[in-house]
Structures are given as C-alpha cells and as structure tokens.
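Participant: I have a structure I would like to understand better, so I am pasting it below and will then ask my questions one at a time.
The values are calculated or read from the model by the stated rules, or taken from the named source; none is laboratory data. In this text the structure is predicted, and so the values were computed from the model without any measurement. All Cβ positions, glycine included, derive from the backbone under ideal geometry; neighbour counts span all protein chains shown. The protein model used for the area step is the full one, side chains on, heavy atoms only, and it has no ligands, DNA or RNA in it. Shrake-Rupley method; radii C 1.70, N 1.55, O 1.52, S 1.80 Å.
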Amino acid sequence: MSNLILTYNEAADVIRQHARSLLQAKRTTESIPLLTSLNRVLAMPILADRDQPPFPRSTRDGYACRAEDLQTEKPLRIIGQLRAGEIWQGPALNSGEAIEIMTGAPVPPGADCVVMVEHVAVEEELLRIEAGRALATGENIVPAGAEAKSESVIVPAGTRLAASHIAAAAACGYANISVYTRPRIAILVTGDELVAIDHSPLTHQIRNSNSYSLAAQVIIAGGEPVILPVAPDDEAKIEAAIRSAASCDLLLMSGGVSMGKYDFVEQALLSLGAEFFFTGAKIQPGRPVVFGRLPQQYFFGLPGNPVSTMVTFLLFAQPIIAALSGSETDGPRFAQAKLSHSLTAKPNLTRFLPAHIDFKIDAPEATVIPWQGSGDLASTAAANGFVVAPASSGDLAAGEHVSVLLV
Ligand code: AMP
Ligand code: MG
C-alpha cells in the first residue's frame, strides 16, 4: 500500500485538479419548474428576453421634466400624471412642462430627469422646485437597456442558483429552467460496532450517525445521496458493498481507513483496482483521509470519527461533488475572523477546530469550543464553523486573524 501523506495545501491542489477535469465531462440535464431550482446548477445561460429596463424607468416618485428648466426659479406647468403600468399617450413634453410620475413608470418623451416629490411644492397646477435642487440630465432615470441588453447573458451556465438568480430568471420569463441532473453519491459506512439509529445500542455499540451527516452534506453540496447498507469490518463484504455502488458517480466511505488490524477499506479498494491520489493528509481531524479512483468512479475513504468525517467531507469531497454537479466555482468556503483568545499551533499539522463564529459587521470573531477530539459530535453541534490553526510552531495571540472554514 502506497504511503501518500500530503499537506493540506497539497491535498487541496490534488482535489482542485481532479475537480477541474470533472467539470469538462459531459452531463445530462433536465428542465424543472423555476421554484424547485434553488441550489441546482444552471445548464443553459439565462438570457434577457428584452432590454432591461424595457423603457427609461423612473426610480423616484416625483416629476418628470427637463433638467435645463431647473436652472431658473420659474415654476413648471403640470400637464398630467403617469403611474407604473401606464405609458404616456400625449405629445412629447415641452420646455416649461412637468408630468407627475411614480416609481417604475416609463419616463415620457421630452423629459430627461425626475425631480423627487420631496424636493418640490405644488400650487394649483404649478410646480416649484426647492432652491439648490437642480438636477443633471438623466438623474433618477435608468435608461432603457442600461441594466441588460436583449439576448445578453444574465446568469451563465454553471452557476449554482441562489435567490438572486431565481429573481433574474423570473424577470426574463423562465417558468421552467434547465439544470444539470444531480450526481448520485453512494454512502457506505463500515464498522462492526455500528447499529441503526432506530435500534437500542448495547453499551459497546455505536449508532450510525455518519450515513446521516454525509447524506445531509451531500444534499447541501448538490448531490443525491444513495445510502448503502452498513458493511461490517470484513474485506470480502466491503468489496461486495463497493461493487454494489458501481452505478453511482462518486463513492463516499467512512471508517476502516486507519492503521487498525480491522481497517480493511484500502485493501478492498486495492483489490478492486483502485488508484490512490492520497492516503492521508497532515490535518486534524481527518489525518487518514483517502482519495482515489476506481475503474467506475472516484471514491473517498473518510475516517469514521464523526467530526473527522464531516471536516474531510467539507475540505475534499464537497468540491468534487460540486464539480460533478457542473458547478464552476464551489470549493470549501473560508473567511477571516479575529480570535477571541490565544491558540496553540502545532508544527506540520493544519488543525480545524470547532468554533462559534460571531459574524459581526465590522470583524467576525471566532471562539474555539472546548472538545474531546474528533469523536465529539456534541461540541461540533454547537459550532458554526472551524478555526484553521495553521501548521506552524508559533502560537496565535488573542486578536490575531485566522481563517475559518464555514459549514
Ligand atoms: P474508524 O475510522 O473505523 O477507526 O472509526 C473511528 C471511530 O469512529 C470509532 O470510534 C467508530 O466507532 C466511530 N465511527 C465509525 N463509523 C461511524 C459511523 N458510521 N457513525 C458513528 N460513528 C462511527
Ligand atoms: Mg472502524
């Protein structure tokens, strides 16, 4: 068995390379109703079906008029009113005239600015503009086509759809939308000690939580989880279970990748013709993480400790699932935060420590949650991210900036 232990950065580079090549693969698409497309990956660009805005749009409630008329104190004559949803039917506006206009209405021909209702006084049919409120040509008007030209790309293919993209698609008349089919991700956990979550475990048994955490993470990453039956610590049975996942796009395994006497996952993968890209990373938690490719699909052997499973998924499996989904940009998400306390770094080991991050507007602040190590799900349940303690021999002082991994 090869011994490919990489640093975090090296392992992340390997993942990026494979994700990039996966993105080039051809994938199937489906057309679905717009509202169900949230978080899916767009397969065809969303195009503007007409100029946006389609007419010069008033951005204020006020009076459409000519900017040059506002250079003098002379009142303007109000000749009509325009609401959103109406179009001016009269002749073009002349010098000395104004038309009352509402936000979102098309600015009538002849007008070149809109003076805000807050800045005028109206007496009889006469409009007086407050001193010092002269406007430049074009003020409070968005010209036709200024936001987007007809047929231009508003959202490119490969975008994971957020609410703003759904708004843009709705504005362009997309009731249905073409997205990539979700990749099917097999989840295979191993361990003789595991029991189903609806069973009462004996003292020495452990409920299988990893199938559930992985399924939840797969869904967030844009995949469709396929949960396989739990495999015991038995090489032949693990091999059979791996074979049963052959139709899936990616295989996620948990447990059995450490150096223990009953850790058979790597051996089983090897017997089935696996190629390994790394068999460990200098990280904590998650050191025994394995990444490679079988003839039929990529796979991860994630360590079984529940927090290790979740962290290694976020760091390495999530970007591969994103690429399989056709998403151009997804990787693990990091942000910068100020440490609320000092922290000990360890040489040669990048650590990911469960933390509470207070996302304040000025500077997010991170506080590491005391924990019992990579089996401690209770501490992790209280965390909304992981502080990255870089591989280094120096300690970090309170107030220093660190990277945080967002979940
Ligand atoms: P392993 O990676 O197989 O050595 O397992 C490491 C630790 O994780 C052990 O304490 C296991 O009991 C625990 N573990 C492994 N698989 C699971 C699972 N599916 N759900 C919960 N805990 C697990
Ligand atoms: Mg095990």
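Participant: Any residue at all in segment 181-190 that is outside any strand (DSSP E or B), more than 30 Å from Lys149 (Cα to Cα), at pLDDT 95 or above and within 11 Å of ligand 2 (Cβ to nearest atom)?
Facilitator: Within segment 181-190 (the criterion being outside any strand (DSSP E or B), more than 30 Å from Lys149 (Cα to Cα), at pLDDT 95 or above and within 11 Å of ligand 2 (Cβ to nearest atom)), the answer is no, since none of the residues qualifies.
Participant: Next question, about the same structure. Here are Pro33, Pro75, Pro45: which of them is over 30 Å from Gly331 (Cα atoms) and at pLDDT 95 or above?
Facilitator: One residue alone meets the criteria, Pro75.
Participant: Sticking with this structure for a sec: Can you list the strands (runs of 3 or more DSSP E) lying wholly within segment 242-312 that have 2 or more residues being crowded, with 19+ Cβ neighbours inside 10 Å and either within 15 Å of ligand 2 (Cβ to nearest atom) or without any contact (Cβ under 8 Å) to a residue 12 or more places away in the chain (or both)?
Facilitator: Filter on segment 242-312 gives 250-254, 298-302.
Here is a yes/no grid of residues against (1) within 16 Å of ligand 1 (Cβ to nearest atom); (2) open to solvent by 50 Å² or more (accessible area, probe 1.4 Å); (3) more than 23 Å from Phe264 (Cβ to Cβ); (4) in contact with a helix residue (DSSP H, G or I) (Cβ under 7 Å, 6 or more places away or on another chain):
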{"position": "Cys172", "(1), (2), (3), (4)": "no, no, yes, no"}
{"position": "Leu188", "(1), (2), (3), (4)": "yes, no, no, yes"}
{"position": "Leu194", "(1), (2), (3), (4)": "yes, no, no, no"}
{"position": "Ile206", "(1), (2), (3), (4)": "yes, yes, no, no"}
{"position": "Glu224", "(1), (2), (3), (4)": "no, yes, yes, no"}
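Participant: Could you tell me how many of the residues in segment 100-143 are closer than 22 Å to Asp51 by Cβ and part of a strand (DSSP E or B)? Please lay out each step first, then the result.
Facilitator: Applying the first criterion (closer than 22 Å to Asp51 by Cβ) to segment 100-143 yields 101-114, 137-143.
Now drop any that are not part of a strand (DSSP E or B), which leaves 101, 106, 113-114, 141-142.
Here the count works out to 6.
Participant: For segment 66-89, state whether one or more residues are in contact (Cβ under 8 Å) with a residue 24 or more places away in the chain and among the hydroxyl-bearing types (Ser, Thr, Tyr).
Facilitator: No, every residue in segment 66-89 fails to be in contact (Cβ under 8 Å) with a residue 24 or more places away in the chain and among the hydroxyl-bearing types (Ser, Thr, Tyr).
Participant: Let me ask something else about it. Test Ile220 against the criterion of being among the hydrophobic types (A, V, I, L, M, F, W, C), surrounded by 24 or more Cβ atoms within 10 Å (Cβ to Cβ) and not in a strand (DSSP E or B), and give yes or no. Reasoning before the result, please.
Facilitator: Details: among the hydrophobic types (A, V, I, L, M, F, W, C): yes; surrounded by 24 or more Cβ atoms within 10 Å (Cβ to Cβ): no; not in a strand (DSSP E or B): yes.
Considered against the rule, which asks whether it is among the hydrophobic types (A, V, I, L, M, F, W, C), surrounded by 24 or more Cβ atoms within 10 Å (Cβ to Cβ) and not in a strand (DSSP E or B), Ile220 comes out as no.
Participant: Here is a further query. With respect to Phe352, is the statement that it is over 20 Å from Leu396 (Cα atoms) and crowded, with 20+ Cβ neighbours inside 10 Å true?
Facilitator: The answer is no for Phe352.
Participant: Continuing with this model, one more query. Which one of these does Gly85 not meet: (1) under 27 Å from Ile166 (Cα atoms); (2) open to solvent by 60 Å² or more (accessible area, probe 1.4 Å); (3) out of contact with any helix residue (DSSP H, G or I) (no Cβ under 8 Å at 6 or more places or on another chain); (4) not in a loop (DSSP other than H, G, I, E, B)?
Facilitator: That leaves (4) as the condition not met.
Participant: When you look at Ser211, is it closer than 28 Å to Val41 by Cα, among the small types (Gly, Ala, Ser) and in a loop (DSSP other than H, G, I, E, B), yes or no?
Facilitator: Spelling it out, it is not the case that Ser211 is closer than 28 Å to Val41 by Cα, among the small types (Gly, Ala, Ser) and in a loop (DSSP other than H, G, I, E, B).
This table checks each residue for (1) at pLDDT 95 or above; (2) over 16 Å from Glu400 (Cβ atoms).
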{"residue": "Asn305", "(1), (2)": "yes, yes"}
{"residue": "Phe334", "(1), (2)": "yes, no"}
{"residue": "Ala337", "(1), (2)": "yes, no"}
{"residue": "Pro354", "(1), (2)": "yes, yes"}
{"residue": "Ala363", "(1), (2)": "no, no"}
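Participant: Could you list, in sequence order, the residues of segment 259-295 that are under 18 Å from Ala241 (Cβ atoms), within 16 Å of ligand 1 (Cβ to nearest atom) and more than 27 Å from the chain's Cα centre (by Cα)?
Facilitator: Hits for segment 259-295 are Tyr262, Asp263, Phe264, Val265, Glu266, Gln267, Ala268, Leu269.
Participant: Just to be sure, is Asp330 away from ligand 2 (no atom under 16 Å from the Cβ), at pLDDT below 95, farther than 24 Å from Val195 by Cα and in contact with a helix residue (DSSP H, G or I) (Cβ under 6 Å, 6 or more places away or on another chain)?
Facilitator: yes
Participant: Mind checking which pairs have a first residue in segment 155-179 that is on the phi > 0 side of the Ramachandran plot and a second that is part of a helix (DSSP H, G or I) and surrounded by fewer than 20 Cβ atoms within 10 Å (Cβ to Cβ), Cβ under 9 Å, 6 or more apart or different chains?
Facilitator: Gly158/Leu23
Participant: Go through segment 296-319 and count every residue that is over 25 Å from the mean Cα position of the chain (by Cα), polar (S, T, N, Q) and within 9 Å of ligand 1 (Cβ to nearest atom).
Facilitator: The qualifying residues number 1.
Participant: Need the failing condition index for Glu239 against (1) open to solvent by 50 Å² or more (accessible area, probe 1.4 Å); (2) more than 12 Å from ligand 2 (Cβ to nearest atom); (3) more than 30 Å from Glu328 (Cβ to Cβ), just the number.
Facilitator: The single condition Glu239 does not satisfy is (1).
Participant: Also: Out of segment 195-236, which residues are within 16 Å of ligand 2 (Cβ to nearest atom), over 22 Å from Asp249 (Cα atoms) and either touching a residue at least 60 places away in the same chain (Cβ under 8 Å) or hydroxyl-bearing (Ser, Thr, Tyr) (or both)?
Facilitator: Ser209
Participant: Which condition does Ala146 not pass, out of (1) buried (at least 18 other Cβ atoms within 10 Å of the Cβ); (2) part of a loop (DSSP other than H, G, I, E, B); (3) small (Gly, Ala, Ser), if it passes all the others?
Facilitator: (1)
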